[in-house]
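Input: a single structure, listed below in structure tokens.
The values are calculated or read from the model by the stated rules, or taken from the named source; none is laboratory data. As the structure is a prediction and not an experimental result, all values here were calculated from the model. Cβ: placed from backbone, ideal geometry, glycine included. Neighbour counts: every protein chain shown.
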Amino acid sequence: MQVILKQDVPNLGYAHEIITVKAGYARNYLIPKGLAIAATPSNRKVHTENMKQKAFKEQKIVKESEVLAKALQGVTVRIGAKAAETGKIYGSVNNIQISEALKSQFSYDIDRKKIVIDGESIKELGTYSADVLLYKGIKATIHFEVFAE
């Protein structure tokens, strides 16, 4: 029996795939749990149309992400922190502060979860870099400078 998966199922397939499984497995587990629907001709038409729309939306998101990645490439963000005379920061600089600095200095609203700092955390003054994961396979590297306030 062929079914269309509604979500990822471990060791079976990914969401929106049409797969063939045994009829009992489909009727007794996948369909009642809401993991799949039967691949009838009408459901296949709906699935095809949804995949076309999804591809169009994804193409738009990819273009926007590439434009944002090019814009972020040359950006250097300045982050002020209280520091001791030795150059050690009281506390640390994390992705939340980088996200807020990008918003305030350059008006780029980037989710903090998409910012990955090289190393664990920043605890000294200096210049560092971080990766911004914009979309599948699209990332930009930004540089940030931590200075004493």
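The rows are residues; the columns are (1) part of a loop (DSSP other than H, G, I, E, B); (2) surrounded by fewer than 15 Cβ atoms within 10 Å (Cβ to Cβ); (3) of a type in the set (Gly, Ala, Ser).
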{"site": "HIS16", "(1), (2), (3)": "yes, yes, no"}
{"site": "LYS54", "(1), (2), (3)": "no, yes, no"}
{"site": "LYS63", "(1), (2), (3)": "no, yes, no"}
{"site": "GLU66", "(1), (2), (3)": "no, yes, no"}
{"site": "ALA69", "(1), (2), (3)": "no, no, yes"}
{"site": "ILE79", "(1), (2), (3)": "no, no, no"}
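Restricting attention to region 116-149, the residues being in a loop (DSSP other than H, G, I, E, B), small (Gly, Ala, Ser) and within 28 Å of GLU58 (Cβ to Cβ) number 1.
Of LYS88, LYS52, which residue is of a type in the set (Lys, Arg) and under 30 Å from HIS143 (Cα atoms)? Explain how you work it out, then say what you get.
Details: LYS52 fails: under 30 Å from HIS143 (Cα atoms).
Only one candidate qualifies: LYS88.
Yes or no: ALA101 in a strand (DSSP E or B), modelled with pLDDT of 90 or more and assigned by TED's automatic domain parsing to the domain that holds THR76?
Values: in a strand (DSSP E or B): no; modelled with pLDDT of 90 or more: yes; assigned by TED's automatic domain parsing to the domain that holds THR76: yes.
So ALA101 fails the test.
Give me the pairs, please: first residue somewhere in region 71-94 and modelled with pLDDT of 90 or more, second residue anywhere and assigned to a loop (DSSP other than H, G, I, E, B) and of a type in the set (Asp, Glu), beta-carbon distance under 6 Å, and either six or more positions apart or on two chains. Partner pairs satisfying both residue conditions: GLY80/GLU149; LYS82/GLU149. Among the residues of region 20-38, those that are among the hydrophobic types (A, V, I, L, M, F, W, C) and either part of a helix (DSSP H, G or I) or out of contact with any helix residue (DSSP H, G or I) (no Cβ under 8 Å at 6 or more places or on another chain) (or both) comprise ALA23, ALA26, LEU30, ILE31.
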